[in-house]
Amino acid sequence: MKDCSTKYPLILVHGLGVTDAGGLYVPWGRIPDALRAHGARVFFGGQDAWGSIEANAAQLARTVRRVRRETGAARVNLIAHSKGGLEARYLISTMGYGRYVASLSMLSTPNHGARIAELLLRARPGVAVWARGNDAWWAKNGDAQPDSLRAGEQLTPQYLAQFNRDNPDANCVYYQSWGARLDGARTDAAMALTHGLFYPAHGESDGLVTPASARWGRWRGVLEGVSHQELVDAAGRDTSRFCAPAFYVRLARELAQLGF
């Protein structure tokens, strides 16, 4: 079945702390194979794990140029998770790549910031020490321009308020977004822990990002009982509430039906 044979190729854009090959977790899992089995042309964003929005957007720009060159496509569809959505928005708006992007689909992108980042940065001296060590490790293990402290600062609500003013939507791009919420499901122990730790200040979330922060463009709603990591099939298994490959196949099928 070729129902995911979109007009424009798909680029999967990962979030913070991972590369396409791994990191805090391995993103995408079974998703690329499922999409290709349904006729999609699938590529990866290729950004750093701990780069700034600007640096990672520049890396994503190189990927867009390469994919267009290899496929002959005039434009691409970006499917972004978490911070990857911010990098995609910067690419489209500030870098002027809207003419090369047909659609941007965002999964739990903190478009309005994450209180978790704000709270962690209150311990700035300790965080700065950790960031230097993290940057040194990633500089030896794949990142071209790691900047952990800057990446964290760019996830705060204050920073994102200005970012949103500076990066308005491009009229030629179709934007849509989903949020997620753990509610009573606890199938991801790590995200259940962060959800519990930050709940008093953060409210309901997928462990890291609230649905209210994820909302942008055409709002597609909240995926209930799904963690931040489960959105990208980090564990490579279905839960009682969510099958990641099936979700992305539906997403790509919709893009194809919309002419993207």
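Every number in this text was worked out from the coordinates using simple rules, so none of it is lab data. Bear in mind the structure is a predicted one, so any value in this text is a computation, not a measurement. A quick note on method: Cβ atoms are made from the backbone with ideal geometry, for glycine too, and the neighbour counts reach across all protein chains shown.
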Original post:
Could you give the nm distance between label points at ARG132 and THR71, where each point is 7 Å from its Cα heading toward the beta carbon?
Top reply: 4.3
**OP:** For segment 130-185, divide the Cα radius of gyration by the Kirkwood radius and give the resulting Rg/Rh value with two decimals.
**Re:** 1.12
Subject >> Per-residue ³J(HN,Hα) for segment 219-228, Karplus 6.51 cos²θ - 1.76 cosθ + 1.60, θ = phi - 60°, Hz, x for Gly and Pro >> reply: 7, 9, x, 10, 8, 7, x, 10, 8, 4
Original post:
Between GLN162 and THR94, what is the spin-label point distance in nm, taking each point 7 Å from the Cα along the Cα→C-beta axis?
Top reply: 1.1
**OP:** Quick one: what are the phi-derived ³J(HN,Hα) couplings along segment 133-148, Karplus 6.51/-1.76/1.60 with θ = phi - 60°, whole Hz, x for glycine and proline?
**Re:** x, 5, 5, 5, 5, 6, 5, 8, 10, x, 6, 7, 9, x, 8, 4
**OP:** With an 8 Å cut-off on Cα pairs and a minimum separation of 6 or more residues, tell me the relative contact order of the chain in percent.
**Re:** 24
Original post:
In the set (1) 27, 21, 17; (2) 41, 17, 16; (3) 33, 25, 16, which value of semi-axes √(5λ) of the Cα gyration tensor in Å was calculated from the structure you see?
Top reply: (1)
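Which longest run of the chain has no exposed loop site in it, a site being trypsin sites (Lys or Arg not before Pro) in a DSSP loop with at most 13 other beta carbons within 10 Å, and the site itself not part of the run? Walk me through the intermediate numbers first.
Numbers: sites that count: LYS2, ARG237.
Maximal segment without exposed cleavage sites: 3-236.
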**OP:** Within segment 235-249, find all residues whose amide N lies under 16 Å from a label point positioned 7 Å from the Cα of ASP183 along Cα-to-beta-carbon.
**Re:** 239-243
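Need one number: % antiparallel among DSSP beta bridges in segment 10-257, to the nearest 5. Working shown, then result.
Values: 2 of 25 bridges.
Percent antiparallel among DSSP bridges in segment 10-257 is about 10.
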Original post:
Taking a spot 7 Å from the Cα of CYS172 along the direction of its beta carbon, which residues of segment 97-118 have an amide N less than 15 Å from it?
Top reply: 97-104
Subject >> Placed amide H near LYS7: partners under 5 Å, 5+ positions off or other chain >> reply: PHE260
Subject >> In Hz, Karplus ³J(HN,Hα) per residue of segment 73-86 (6.51, -1.76, 1.60; θ = phi - 60°; x = Gly, Pro) >> reply: 6, 6, 9, 9, 9, 9, 10, 10, 10, 6, 4, x, x, 5
